[in-house]
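Quick notes on the structure that follows.
Any read-out appearing in this document is the output of simple, stated calculations on the displayed coordinates, not a laboratory observation. Remember, it's a predicted structure, so these values are computed and weren't measured experimentally. Heads up, the Cβs are rebuilt from the backbone with ideal geometry, glycines too, and the neighbour counts pull from every protein chain shown.
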Amino acid sequence: MLHLSAPTDAGWFERVKHHLPTLLLDHTHLEKRAGSTAMSMIFRYADQATLAKALGEVVQEEMDHFVRMVNVLEERNITLERLEPSGYAASLAKNTRKKDPEALLDKLIVAALIEARSCERFQILAENLKDDEPELAELYAELYKDEARHHTLYTRLAYQIFDRDEVSTRLKELADLEVKALQDAGTEPPRLHSF
Ligand SMILES: [Fe+2]
Ligand SMILES: [Fe+2]
């Protein structure tokens with residue numbers, strides 16, 4: 001349902017669990033970037049009401065997630081500071097086409113895939129943090145549902161605007177590249193969007 005070409009490997013949680021503060025900080029910045037991605041599409045496609053309405057809602061929700069995460073950091077005395085991105089999103093962006101209408105299709109699919117990966121990983125966190133970090137587990141259980149909805153929303157927009165076969169073919173191509181982008185993002189300590 002998430003259109004991911006490969007699931008997260010079993011070792012990911014084991015790798016990130018010792019770096020929870022970095023993971024939470026990384027997650028905070030990711031929510032802000034997700035909002036910014038949706039906002040930049042609203043600006044670029046300023047005359048498309050369907051996109052404006054759907055993406056306007058995404059911006060609101062991502063900024064709500066962002067503020068919630070800033071509060072989580074505060075509660076845990078984690079400083080909100082800059083953190084170099086893992087390179088995952090940049091690597092995906094490199095593979096997108098730059099001229100419309102193809103650029104729009106690629107942007108929608110890449111956003112759908114990033115939402116899908118976040119959703120999958122939030123679900124892993126929700127399941128694995130239950131015993132040691134019940135409050136965080138609950139937060140992730142709530143957030144993964146929102147990210148699943150964002151995934152569906154971006155995918156639905158792509159199918160509404162573009163030819164069905166074209167979307168399916170490109171979705172498959174970019175889903176394969178998404179897995180590669182994840183493997184190539186070798187940030188240490190590991191991140192939400194890294195191996
Ligand atoms: Fe979010
Ligand atoms: Fe999202």
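Applying 1/(1 + (r/R0)^6) with R0 = 41 Å to the Cβ-Cβ distance of residue 163 and residue 74 gives a FRET efficiency near 0.30. Restricting the GluC sites (Glu not before Pro) of segment 77-137 to loop positions (DSSP other than H, G, I, E, B) with no more than 14 neighbouring Cβ atoms within 10 Å leaves 81. Straight-distance candidates among the lysines for linking to residue 99, with alpha-carbon spacing under 18 Å and chain neighbours fewer than 8 residues away dropped: 107. Taking all Cα pairs closer than 8 Å and separated by 6 or more residues, the relative contact order of the chain comes to 31 percent.
Here the alpha carbons of segment 14-184 define both size measures, Rg and Dmax, at 16.3, 49 Å.
Sparsely packed loop sites in segment 86-149 (the trypsin sites (Lys or Arg not before Pro) outside DSSP H, G, I, E and B with at most 11 other Cβ atoms within 10 Å) comprise 98, 99. Among 128, 95, 77, the residue with the largest mean-square fluctuation in a Gaussian network model of the chain, with springs joining Cα atoms closer than 10 Å, is 77. Rounded to the nearest 20 debye, the dipole size of segment 1-96 about its Cα centre is 220 debye, using +1 on the Cβ of Lys and Arg and -1 on the Cβ of Asp and Glu.
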